[in-house]
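The values are calculated or read from the model by the stated rules, or taken from the named source; none is laboratory data. Just so it is clear, the model here is predicted, and its values are computed rather than measured. For neighbour counting, all protein chains shown are included, and Cβ atoms are generated from backbone atoms with ideal geometry for every residue, glycine included.
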Amino acid sequence: MLNHAEASEKFIADAERTDWHDETLWFVREKRDKASKVLPEWEALREHASLIKDHTLANLHDYLVAFEAKAQANGIKVHWAADAAEHNAIVHGIIAAQGTQVLVKSKSMLTEECHLNDYLANKGIEVIDTDLGERIVQFRNEAPSHIVLPAIHLKKEDVGETFHQHLGTPKGNKDPQFLTEAARQHLRGHFLASEVAITGVNFAVAETGEFVVCTNEGNADMGAHLAKVHIACMGIEKIIPKRDDLAVFLRLLARSATGQLITTYSSHFHKPREGQEMHIVLLDNGRTRQLADPKYKNSLKCIRCAACFNTCPVYRRSGGHSYHQPVAGPIGSILAPNFDKKANADLPFASTLCGSCSNVCPVKINIHEQLWFWRQDLMAEGLAPAGKTIGMKLMAFTLAHPVIYRLGGSLMRRFSGVLNSRLNPWYKQREMPVAPKASFQEWYKNR
Amino acid sequence: MRVALFVPCYIDQFYPQVAVASLELLEKLGCEVVVPKDQTCCGQPMANSGFASSTAGCDANFTNNFEGFDYIVGPSGSCVLHLKEHHPSEKIRNSVYEICEFLTDVLRITSLNAKFPHRIGLHQSCHGQRGLRLSSMSERNEKPFSKLEDLLGLVEGVEILKPERADECCGFGGTFCVTEEAVSVKMGQDRIKEHDANAVEYIVGADTSCLMHMEGILRRQGSKVQVKHIVEILNHA
């Protein structure tokens, strides 16, 4: 597997596509700016949302138990999963009881996190992702590259070719309207036939036992309303105390994500309709571990809007797949090490710490500070690339001893020519600064 | 007013003219400037690379050089932010200022005898802007302000031009500039493209590290555009 730097270099090699990717996502960031700046109370809303989430995380146990009781009273079956394996087994058990072979699923990053599709495929069950972007990447056997815009790494020509191969659309047709209609016809058959529908969850309300699913395509509703069995999968951090709180979060979510005022569909699932089964699976999968660490706890406030992706100058130029994780971007880089430190030790370094992410975040997660904390923790665990630890210790020693620093500086300036070498990554595409004869301190001594 | 001039290591070694301009400017404005002679570095290169645990010696050296001063002033937003956020001594954390904020917030200067009749592109360094709040940021819904522009407004003849994305990162990012070389350079090239669109003569900012990165790209491109630290403009008679 390529690390972030290697995968980015490959991505950037196609400069034209990189520019297109950067400009497309910057356009989304600008839409977000406009939508947020028409609200004089925007910063107060962010603060309010952040406080609601802080309060909820501080009382997570109580709210989860309250939600379970209300949901059960509403007739929803509630399941608890400690990890991805348990989650997948629970979902499979429900599907197997129906004898279903093919089912529909709307967007759920949580099921990506659990690799549910692969798990079910191994059991002979096919999952049809019904979000348009997700269906496109599913056809291509790729992972989503963005949590809100899963196929943002692809151009319409790529989608045309994919649909030609999988849906039999005419070769060379890249008309978005035409291709969308082809997908719509293709998905409609699956909506009508599917007896089981899986959805994600954006918010679960402890006060009422209902959950809310936000989509722009209505695909979650089409699946859930037609199927005999609805399975909703959520991380335990998606809980909010009251229905009123939605007035804060729904206003922030779509504005932050795409610059829309609100998602096209914000559907409340309160209880199963007559004859329907409704299940909700509540997953931990490392979230309580994150909750227990004060440095990283508030990463659980995330509402998955992806504003931090769109604003991130690194993400825009490296693409989602360079993060080799279901959730890419700045938020992914602070969530991923909690799952696997060694495999994701590169991600907290895939940032200039510019801080733009923390300032667009609608729930005020201090993302860039958590990136810094992860850097410390990962290096303390010995996960530095070869040579880095020795280099850093040498630098720290030099800078702690003024005499050695001055000697080293003077040698470096005198022999700076050796740095003009292909072995120096700086020099690959940049000139080295011209070394002056005297350092400032040398000049100052003779002033 | 007695002020200790903090000269970050790479400015000392590679950009002495920035330290000279800082010294001269502060003296012109009536400060008694002391340059502690055994200063080296703020410790940020190690800390941002995940080795904050190795900066004790560097931190102690900084304390030894600077703890006797109520005003420690440095021409680098990034180094100053690091000290404010991470230096173990509370006295140091509370006494350190980036030079622009020192001029606007402590000295509160309202005039300067400076002249620089050129088109300059303003580069917002992230740590100065978002970290030290030297100016408002495009992410927030807030009243626009800019300490850098307030200061440049005191310079005769200067024409300030802003890139289309007014506060996007240049991609320097400390050791990021070599560990993520491809993204770093691409980010820098994209910044420069926007400044080129404004036909600027100079790219000006309050962080020499960003400028060093962009200068490296400009020179490789054979560009005539030069970089200058803002103190070089403010000190330009």
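Picking from A:54, A:22, which residue would you name as being more than 26 Å from residue A:345 (Cα to Cα) and either at pLDDT 95 or above or within 14 Å of chain B (Cβ to nearest Cβ) (or both)?
On the way: A:22 fails: more than 26 Å from residue A:345 (Cα to Cα).
Of the residues listed, the single one that is more than 26 Å from residue A:345 (Cα to Cα) and either at pLDDT 95 or above or within 14 Å of chain B (Cβ to nearest Cβ) (or both) is A:54.
Which pairs do you get when a residue that is within 18 Å of residue A:311 (Cβ to Cβ) and surrounded by fewer than 24 Cβ atoms within 10 Å (Cβ to Cβ), found in region B:123-134, comes within reach of a residue that is at pLDDT 95 or above and of a type in the set (A, V, I, L, M, F, W, C), reach meaning Cβ atoms under 6 angstrom, with the pair 6+ apart or on two chains?
As it stands, the answer is B:131/B:81, since those pairs meet every condition given.
Take the conditions assigned to a helix (DSSP H, G or I) and among the β-branched types (Val, Ile, Thr) and apply them to residue A:288. Does it pass? Walk me through it before giving the result.
On the way: assigned to a helix (DSSP H, G or I): yes; among the β-branched types (Val, Ile, Thr): yes.
Yes.
Counting just the residues of region A:35-79 that are in contact with a Lys or Arg (Cβ under 6 Å, 6 or more places away or on another chain) and within 16 Å of residue A:248 (Cα to Cα), which one comes out surrounded by the most Cβ atoms within 10 Å (Cβ to Cβ)?
A:53
Take residue B:12 and tell me if it is of a type in the set (D, E, K, R), crowded, with 19+ Cβ neighbours inside 10 Å and facing chain A (nearest Cβ under 9 Å). So that I can check it myself, show each step before the final result.
Details: of a type in the set (D, E, K, R): yes; crowded, with 19+ Cβ neighbours inside 10 Å: yes; facing chain A (nearest Cβ under 9 Å): yes.
Judged against the criteria, residue B:12 is a match.
Residue A:206 versus (1) crowded, with 21+ Cβ neighbours inside 10 Å; (2) under 22 Å from residue A:127 (Cα atoms): which is the lone unmet condition?
All conditions pass for residue A:206, except number (2).
Looking at (1) facing chain B (nearest Cβ under 7 Å); (2) surrounded by fewer than 19 Cβ atoms within 10 Å (Cβ to Cβ); (3) among the basic types (Lys, Arg), which is the only condition residue A:447 fails?
Only one criterion in (1) facing chain B (nearest Cβ under 7 Å); (2) surrounded by fewer than 19 Cβ atoms within 10 Å (Cβ to Cβ); (3) among the basic types (Lys, Arg) is unmet by residue A:447, namely (1).
Looking at B:33, B:20, can you tell me which residue is in a strand (DSSP E or B) and not assigned by TED's automatic domain parsing to the domain that holds residue B:133? Even if it seems obvious, please write down each step before you answer.
Details: B:20 fails: in a strand (DSSP E or B).
Unique residue meeting the criteria: B:33.
Out of curiosity, is residue A:299 assigned to a helix (DSSP H, G or I), away from chain B (no Cβ under 13 Å) and buried (at least 20 other Cβ atoms within 10 Å of the Cβ)?
Taking the combined requirement at face value, the residue satisfies it.
What's the number of the only condition in (1) among the aliphatic types (A, V, I, L, M); (2) out of contact with any helix residue (DSSP H, G or I) (no Cβ under 6 Å at 6 or more places or on another chain); (3) surrounded by 17 or more Cβ atoms within 10 Å (Cβ to Cβ) that residue A:291 fails to meet?
In the conditions (1) among the aliphatic types (A, V, I, L, M); (2) out of contact with any helix residue (DSSP H, G or I) (no Cβ under 6 Å at 6 or more places or on another chain); (3) surrounded by 17 or more Cβ atoms within 10 Å (Cβ to Cβ), residue A:291 misses (2) alone.
Could you say whether any residue in region B:208-219 is at pLDDT 95 or above and assigned to a loop (DSSP other than H, G, I, E, B)? Before the answer, list the steps.
Of region B:208-219, the ones at pLDDT 95 or above are B:208-219.
Restricting the remaining residues to those that are assigned to a loop (DSSP other than H, G, I, E, B) gives none.
Looking for residues that are at pLDDT 95 or above and assigned to a loop (DSSP other than H, G, I, E, B), one finds none in region B:208-219, hence no.
On the given criteria, is residue B:30 at the interface with chain A (Cβ under 7 Å from one of its Cβ atoms) and out of contact with any strand residue (DSSP E or B) (no Cβ under 8 Å at 6 or more places or on another chain)? Step through it out loud before you land on a result.
Values: at the interface with chain A (Cβ under 7 Å from one of its Cβ atoms): no; out of contact with any strand residue (DSSP E or B) (no Cβ under 8 Å at 6 or more places or on another chain): yes.
No; evaluated as a whole, the condition is false for this residue.
Kindly provide the set of residues from region A:392-404 that are within 21 Å of residue B:49 (Cα to Cα) and either among the small types (Gly, Ala, Ser) or over 43 Å from the mean Cα position of the chain (by Cα) (or both), ordered by number.
Within region A:392-404, A:396, A:400, A:401 qualify.
Which of the residues belonging to region A:273-284 are part of a loop (DSSP other than H, G, I, E, B) and touching a His at 6+ places or on another chain (Cβ under 7 Å)? Spell out how you get there, then give the answer.
Taking region A:273-284 first, the residues part of a loop (DSSP other than H, G, I, E, B) are A:273-276, A:284.
Once the filter is applied, which keeps residues that are part of a loop (DSSP other than H, G, I, E, B) and touching a His at 6+ places or on another chain (Cβ under 7 Å), region A:273-284 yields only A:276.
Please verify whether region A:16-31 includes one or more residues that are surrounded by fewer than 19 Cβ atoms within 10 Å (Cβ to Cβ) and either on the phi > 0 side of the Ramachandran plot or aliphatic (A, V, I, L, M) (or both). Before the answer, list the steps.
Within region A:16-31, the first condition is being surrounded by fewer than 19 Cβ atoms within 10 Å (Cβ to Cβ), and the residues that meet it are A:16-17, A:19-20, A:23-24, A:26-27, A:30-31.
Subset that is either on the phi > 0 side of the Ramachandran plot or aliphatic (A, V, I, L, M) (or both): none.
No, there is no match, as no residue in region A:16-31 is surrounded by fewer than 19 Cβ atoms within 10 Å (Cβ to Cβ) and either on the phi > 0 side of the Ramachandran plot or aliphatic (A, V, I, L, M) (or both).
Residue B:40 versus (1) surrounded by fewer than 21 Cβ atoms within 10 Å (Cβ to Cβ); (2) within 19 Å of the chain's Cα centre (by Cα); (3) not in a helix (DSSP H, G or I): which is the lone unmet condition?
Of (1) surrounded by fewer than 21 Cβ atoms within 10 Å (Cβ to Cβ); (2) within 19 Å of the chain's Cα centre (by Cα); (3) not in a helix (DSSP H, G or I), only one is false for residue B:40: (1).
Take region B:44-89 and flag every residue that is at the interface with chain A (Cβ under 7 Å from one of its Cβ atoms) and within 25 Å of residue A:345 (Cβ to Cβ).
B:45, B:46, B:48, B:49, B:50, B:51, B:52, B:53, B:54, B:55, B:58 - these are the residues of region B:44-89 that are at the interface with chain A (Cβ under 7 Å from one of its Cβ atoms) and within 25 Å of residue A:345 (Cβ to Cβ).
Return the only residue of B:183, B:204, B:231 being more than 14 Å from every other protein chain (Cβ to nearest Cβ), surrounded by 24 or more Cβ atoms within 10 Å (Cβ to Cβ) and either outside any helix (DSSP H, G or I) or modelled with pLDDT of 95 or more (or both). Break it down into steps so the answer makes sense when it comes.
Numbers: B:183 fails: more than 14 Å from every other protein chain (Cβ to nearest Cβ); B:231 fails: more than 14 Å from every other protein chain (Cβ to nearest Cβ).
Checking each option against the conditions leaves just B:204.
Name the residue, out of A:319, A:329, A:355, A:286, that is touching a Ser or Thr at 6+ places or on another chain (Cβ under 8 Å) and modelled with pLDDT of 95 or more.
A:319
Output the residue which, of all residues in region B:148-165 that are within 14 Å of chain A (Cβ to nearest Cβ) and out of contact with any strand residue (DSSP E or B) (no Cβ under 8 Å at 6 or more places or on another chain), is surrounded by the most Cβ atoms within 10 Å (Cβ to Cβ). Before the answer, list the steps.
Here is the first cut: in region B:148-165, the ones within 14 Å of chain A (Cβ to nearest Cβ) are B:163-165.
Those left that are additionally out of contact with any strand residue (DSSP E or B) (no Cβ under 8 Å at 6 or more places or on another chain): B:164-165.
On the way: B:164: 11, B:165: 16.
Going through the qualifying residues, I end up with B:165.
Checking residue B:194 against (1) surrounded by fewer than 22 Cβ atoms within 10 Å (Cβ to Cβ); (2) under 18 Å from the mean Cα position of the chain (by Cα); (3) within 14 Å of chain A (Cβ to nearest Cβ): exactly one of these is not met. Which one?
(2)
Run residue A:349 past the list (1) aromatic (Phe, Trp, Tyr); (2) farther than 28 Å from residue B:13 by Cα; (3) under 18 Å from the mean Cα position of the chain (by Cα) and report the number of the one that doesn't hold.
(2)
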